[in-house]
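What follows draws every value from the coordinates through simple rules; no lab data is involved. Note that the structure is predicted; figures quoted are calculated from it, not measured. Ideal geometry is used to build each Cβ from the backbone, glycine not excepted, and the neighbour counts take in all protein chains shown.
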Amino acid sequence: MPSSDIMLDMETLAVSPNATILTIGAQGFDPFSDIFTEDTYYERIDLDSQEGRDVDDSTVEWWGKQSEEAQAEAFGEDNRIPLKDALEKLTPILWKAERIWANGTTFDIVILENAYRSCGLNLPWQFWQVMDARTVYKMQGQRASLGNNHNALEDCVKQIDMLQECLKNLGVTKLS
């Protein structure tokens with residue numbers, strides 16, 4: 001039985017579906033309260049385990065313009081695990097999610113789907129479970145600003161806060 005919604009965020013070295021993944025963050029939450037579930041996930045991914053995945057020069061250049069803190073978190077060598085291991089650890093969290101949210105439906109979800117397939121793993125969600133938080137933000141009639149620090153888990157929390165605020169302001173009390 002699904003237990004919560006999940007917000008997903010990733011940091012990558014390209015913007016293509018086959019992007020090399022630096023970090024993956026996911027956080028379980030209730031869209032209509034301040035409750036975060038115990039479903040918290042954050043992994044730094046071993047770059048050597050992603051041979052053949054894309055690295056885009058313009059994305060690497062963009063990373064060079066980010067804060068030292070963001071660069072250290074994204075590129076530090078400590079505590080990295082192979083991509084397949086990271087996905088296998090993420091799978092149980094995604095399987096029990098009722099909805100999987102991301103900022104847009106053409107970046108994080110597409111890259112994650114490509115990663116699962118490239119590792120020979122089944123997708124732990126159905127296409128109809130994927131939700132776009134950015135669209136909800138824009139329904140409020142204002143441009144949402146995350147103030148990204150590019151830590152995938154911290155960005156998930158910020159995105160959840162914005163989504164919950166937007167749903168409340170829009171008077172949404174139920175998602176089907």
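Calculate the all-directions average of the projected area of the chain's alpha-carbon convex hull, and give it in nm².
Quarter of the Cα hull surface area: 10.1 nm².
Could you give the length gained on full extension between Arg117 and Phe36, defined as 0.36 nm per residue of separation minus the Cα-Cα distance, in nm?
Gain on stretching Arg117 to Phe36: 26.3 nm.
With runs of 4+ DSSP H residues as the only contributors, calculate the mean residue ellipticity of the chain at 222 nm using -39,500 (n - 2.57) per run, divided by the residue total and rounded to the nearest 500. Before the final figure, lay out each step's value.
Details: 6 runs with 64 residues, N = 176.
-11000 deg cm²/dmol, from helical runs alone.
Using 1/(1 + (r/R0)^6) with R0 = 25 angstrom and r between the beta carbons of Lys168 and Glu98, what's the FRET efficiency to the nearest 0.05?
It comes out at approximately 0.85.
Just to check, using Stokes-Einstein with a Kirkwood Rh over alpha carbon pairs, what's the diffusion coefficient of the stretch 59-161 at 10 °C and 1.306 mPa s in µm²/s?
The diffusion coefficient I find is 102 µm²/s.
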